[in-house]
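S.K.: Right, I'll just put the structure down here and ask away after.
Any read-out appearing in this document is the output of simple, stated calculations on the displayed coordinates, not a laboratory observation. No experiment lies behind these values; they were computed from the predicted model shown. Neighbour counts are summed over all protein chains in view; Cβ atoms, including those assigned to glycine, are modelled from backbone coordinates with ideal geometry.
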Amino acid sequence: MIALSASAAPAHRRLLAGDVLRVAGIGLRTRRLRVALSALGVAIGIASMVAVLGISDSSKAGLLAELNTLGTNLLTVMPGQTFLGQAAELPEAATRSVRNLSSVRSAAAVTTVSAASVRRSPYIEAAEDSGIAVDAADPGLLATLGGRIQQGRFISAADERYPLVVLGTVAAERLGVYTLTIDRRPVQVYLDGTWFTVAGVLAPLPLAPEIERAALIGYSVAHRLFGTSHHASTLYVRADPERVPAAASLLAATADPQNPEQTQVSRPSDALQARADAQSTLTAVFLALGAVALLVGGVGIANVMVISVIERRPEIGLRRALGARAVHIAVQFLGESVLLSLLGGAAGIALGAAATAGYAATQGWIVVVPVLSVAGGVAVALVLGALAGLYPAARAARLAPAAALRSV
């Protein structure tokens, strides 16, 4: 009955905002379990929306930070196909020619050693290569890629004629190479009749994932043991950041002057950017699922408010008898619906932000919770509560005082 006396007002007075909040709060506090269950649907819907937007933006921020670190000026040159559909081949002088371009800072070649496979032991069938490619690589490859060594060192010009191998991070995992020495003896892997000492293991290379799944050896030892030529399978080019388009336009004709149409030039960073853009589609799908949860939550609030109107008919009749107008009753129940929805929205924003922070931390991303998602969550909760409360508020306002009091 406290709610009744606190909010009752003469017919000539308005219902102040403070009175609306107080009456709505008392109405919700007297039905805590029902309120909690009703707010849960709204909380889940808004939490999913905030989390989806937050995780999407955190992922994009992580990718952009990665691109800023790796640079967007890495280009690749690969042989395409001849006019007859056969595999083309880059000239042996392609690397040297590309390095002479003024818009190019460095270039390094990689040639697939198709005659070799890498295994931990000669007792393993040659076909069981775990999807690891064997490539001959220039000593300057690591610097051109902007990569780093996780363990050991990279092959240098002084020792590329020796049986040394550098493993990509995925190749090392598949071969079970987690350390470079065992009992003070160097770890070795088997390449078709020859034991190669593992000189190093590369850190992940997002711009060159094919190198992560490769075993890299020197050109000299590859030529001596497997007859590998210096025709590059892939030519990695680090261009001047201010002249990337100019470098890209010249690479095909420079790498293969006789058949530039048989040369493919690409920029690996475009794949990362495309991956970031592709997330927008998935984000839209998950937002739609969140909207469904919100719709369910809104229906739940409307249902609870309708039941509340039925249960509180005596209260409505008494308030009308004491002078409250129909608009005061409508505002009271509409205020309860909006406040209930806002409580669910606040809980949802907190849950969504926590989910974003937790997932971003596990992925090593920058935690980004968009202000738009927070403001949008509050706005959606406000609109949802208003829409869900319209019918119950109108129904309560239409109750005649005498009819309502008869149910006492």
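S.K.: Just to be sure I understand: with springs between alpha-carbon atoms less than 10 Å apart, which residue in Leu74, Leu318, Leu340 has the highest mean-square fluctuation in the Gaussian network model of the chain?
M.R.: Among Leu74, Leu318, Leu340, the largest GNM mean-square fluctuation belongs to Leu318.
S.K.: Residue by residue, what Karplus-based ³J(HN,Hα) values in Hz, rounded to whole numbers, does the range 98-114 have, using 6.51, -1.76 and 1.60 with θ = phi - 60° and x for Gly and Pro?
M.R.: For the range 98-114, the Karplus curve yields 5, 4, 7, 5, 5, 8, 10, 8, 7, 8, 9, 9, 9, 10, 6, 8, 5 Hz.
S.K.: Ok, one more. Taking amide H atoms as placed 1.01 Å from N in the peptide plane, list the residues 5 or more away in sequence, or in a different chain, whose amide H sits under 5 Å from that of Thr228.
M.R.: Placed amide hydrogens put His223 under 5 Å from Thr228.
S.K.: Inverting the mean 1/r over all pairs of different Cα atoms, compute the Kirkwood radius of the chain and quote it in Å.
M.R.: Averaging 1/r across every pair of different Cα atoms and inverting gives 26.6 Å.
S.K.: Work out from phi, with θ = phi - 60° and the Karplus expression 6.51 cos²θ - 1.76 cosθ + 1.60, the ³J(HN,Hα) of each residue of the range 50-59, listed in order in whole Hz, and give x for Gly and Pro.
M.R.: Calculated HN-Hα couplings, in order: 5, 5, 4, 5, x, 5, 4, 5, 5, 5 Hz.
S.K.: Multiply the residue separation of Leu84 and Ala158 by 0.36 nm, subtract the distance between their alpha-carbon atoms, and state the gained length in nm to one decimal.
M.R.: Length difference between fully extended and current span is 22.5 nm.
S.K.: Would you work out which of Ile316, Met78, Ala143 lies farthest towards the positive end of the dipole of the chain, given +1 charges on the beta-carbon of Lys and Arg and -1 on that of Asp and Glu, about the Cα centre?
M.R.: Ile316
S.K.: A follow-up question, please. Assigning unit charges at the beta carbon (Lys, Arg +1; Asp, Glu -1) and nothing else, what dipole magnitude in debye, to the nearest 20, does the range 191-257 show about its Cα centre?
M.R.: That gives a dipole near 120 debye.
S.K.: Also: How large is the translational diffusion coefficient of the range 95-216 in µm² per second when you combine the Kirkwood radius over alpha carbon pairs with Stokes-Einstein at 37 °C and 0.692 mPa s?
M.R.: Result for D is 221 µm²/s.
S.K.: Within a Cβ distance under 10 Å of Ala107, other residues only, what is the Lys/Arg minus Asp/Glu net charge?
M.R.: Around Ala107, the charge tally is +3.
S.K.: With 12 Å as the cut-off, how large is the P(r) tail for the range 204-248, expressed as percent of Cα-Cα pairs?
M.R.: Roughly 73 percent, rounded to a whole number.
S.K.: Pick out, in residue order, every one of the GluC sites (Glu not before Pro) in the range 34-138 that is DSSP loop and has at most 11 other C-beta atoms within 10 Å; say none if there are none.
M.R.: Answer by residue number: Glu125, Glu128.
S.K.: Further question: Return the long-range amide H neighbours of Val368 (sequence gap of 5 or more, or a different chain), with a cut-off of under 5 Å between placed amide H atoms.
M.R.: For Val368, the qualifying residues are Ser58.
S.K.: What is the dipole size for the range 148-217, taken about its Cα centre, with +1 at each Lys and Arg Cβ and -1 at each Asp and Glu Cβ, in debye to the nearest 20?
M.R.: In debye, rounded to 20, the range 148-217 gives about 180.
S.K.: Would you work out the charge dipole size for the chain about its Cα centre, treating the Cβ of every Lys and Arg as +1 and the Cβ of every Asp and Glu as -1, and quote it to the nearest 20 debye?
M.R.: 2940 debye
S.K.: Which of the listed residues, Val327, Leu67, Val104, is farthest toward the dipole's positive end in the chain, when Lys, Arg count +1 and Asp, Glu count -1 at the beta-carbon?
M.R.: Working it through, the farthest residue towards the positive pole turns out to be Val327.
S.K.: Could you give each residue of the range 317-322 its phi-based ³J(HN,Hα) in whole Hz, using Karplus coefficients 6.51, -1.76, 1.60 with θ = phi - 60°, and x for Gly or Pro?
M.R.: For the range 317-322, the Karplus curve yields x, 5, 5, 5, 5, 7 Hz.
S.K.: Highest mean first, what order results for 233-243, 36-46, 253-263 on Cβ atoms within 10 Å?
M.R.: Packing order, densest peptide first, comes out as 36-46, 233-243, 253-263.
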